[in-house]
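Here the structure is laid out as structure tokens; the discussion comes afterwards.
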Amino acid sequence: MQVNRKNIIIKWIFMAFLILMFLAFVIPIPMNRVYDAIEIKLDDPSYFVQCQVKIQGRYHWNLFSDDMFDGQIVISDYRLTNEKLSKVYLSDDGWPLEYTYLSEKDVNGRPNRYTFFLGRLYSRPWFHKMAIIVFSKNPLNKDGGGKISGNWGDWNEDDGYCIVPLATSREEAIDILLKIGIISGNP
């Protein structure tokens, strides 16, 4: 009788665990985080800008594919990051940060949609060890709110801009970029 009761209890615990795991993968998890970060330029040791990265939205934890985030990733000093952000997948290859905003009106009175690409987000699941590579012409246009249309530039390991949350010095930022695999050597 005692063994039968233990088996029943184990079965119920196992069933409860399976239900909780199923719900964890189906129900998005609310996320609201603010990270102190620094922006560096890999070829310029004197370029050091403190900023904040605010993450607010819903995190979708996936078992068989990359995790997905649906919400806002706002970087201080980049005005257009306050606009609507497309869904972001946390993959090893990075994911483009694509913002869509409305501006002006067409001949029929409908607002025109424009797209702004800040750069690419590289992150481990749950935004651990995160870095954002910023396309080269975006930091030059911070005060103007970013490029309205045209080329945002590109990024390369020699002279690229990077925003690194949880880093307080250039050396810490370089170390995080090395660990994530964004850069291969010490610039």
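The values are calculated or read from the model by the stated rules, or taken from the named source; none is laboratory data. Everything numeric here is computed off the predicted structure, so don't read it as measured data. No Cβ is skipped: glycine too gets one built from the backbone with ideal geometry, and neighbour counts run over all protein chains shown. Surface areas here come from the heavy atoms of the whole protein model, side chains and all, with no ligands, DNA or RNA. Shrake-Rupley method; radii C 1.70, N 1.55, O 1.52, S 1.80 Å.
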Next on the checklist: Residue under question is Val49, and the condition is that it be under 16 Å from the mean Cα position of the chain (by Cα) and either closer than 24 Å to Asn82 by Cβ or touching a residue at least 24 places away in the same chain (Cβ under 8 Å) (or both); does it hold?
Outcome noted: no
Flagged in segment 152-175 as in contact with a Lys or Arg (Cβ under 6 Å, 6 or more places away or on another chain) and either farther than 16 Å from Tyr122 by Cβ or not in a strand (DSSP E or B) (or both), in numbering order, are Trp152, Gly153
For the structure I just gave you, tell me whether Gly94 is open to solvent by less than 30 Å² (accessible area, probe 1.4 Å) and among the small types (Gly, Ala, Ser). yes
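Going by the conditions given, is Asp36 open to solvent by 80 Å² or more (accessible area, probe 1.4 Å), touching a residue at least 40 places away in the same chain (Cβ under 8 Å) and of a type in the set (Asp, Glu)?
On the way: open to solvent by 80 Å² or more (accessible area, probe 1.4 Å): yes; touching a residue at least 40 places away in the same chain (Cβ under 8 Å): yes; of a type in the set (Asp, Glu): yes.
The answer is yes for Asp36.
Does segment 101-122 hold any residues that are of a type in the set (S, T, N, Q) and closer than 30 Å to Asp154 by Cβ, and which are they? Can you show your working first?
First, pick out the residues of segment 101-122 that are of a type in the set (S, T, N, Q): 103, 108, 112, 115.
Of everything in segment 101-122, those that are of a type in the set (S, T, N, Q) and closer than 30 Å to Asp154 by Cβ turn out to be Ser103, Asn112, Thr115.
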The residue that is least open to solvent (accessible area, probe 1.4 Å), considering only those in segment 55-91 that are farther than 21 Å from Asn112 by Cβ and polar (S, T, N, Q), is Ser91
Those residues of segment 66-79 which are under 29 Å from Leu178 (Cβ atoms) and in contact (Cβ under 8 Å) with a residue 24 or more places away in the chain amount to Asp66, Asp67, Phe69, Gly71, Ile73, Ile75, Ser76, Asp77, Tyr78
>> Quick check on segment 124-137. Is at least one of its residues in a strand (DSSP E or B), in contact with a Ser or Thr (Cβ under 9 Å, 6 or more places away or on another chain), farther than 30 Å from Asp175 by Cβ and in contact (Cβ under 8 Å) with a residue 12 or more places away in the chain?
In response: no
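Take the residues in segment 1-25 that are of a type in the set (S, T, N, Q) and at pLDDT 70 or above; name whichever of them is nearest to Asn62 (Cα to Cα). Step through it out loud before you land on a result.
Residues of segment 1-25 of a type in the set (S, T, N, Q): 2, 4, 7.
Filter again for at pLDDT 70 or above, leaving 4, 7.
Details: Asn4: 36, Asn7: 31 Å.
Going through the qualifying residues, I end up with Asn7.
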Val107 passes all but one of the listed conditions (1) open to solvent by 40 Å² or more (accessible area, probe 1.4 Å); (2) touching a residue at least 12 places away in the same chain (Cβ under 8 Å); the exception is number (2)
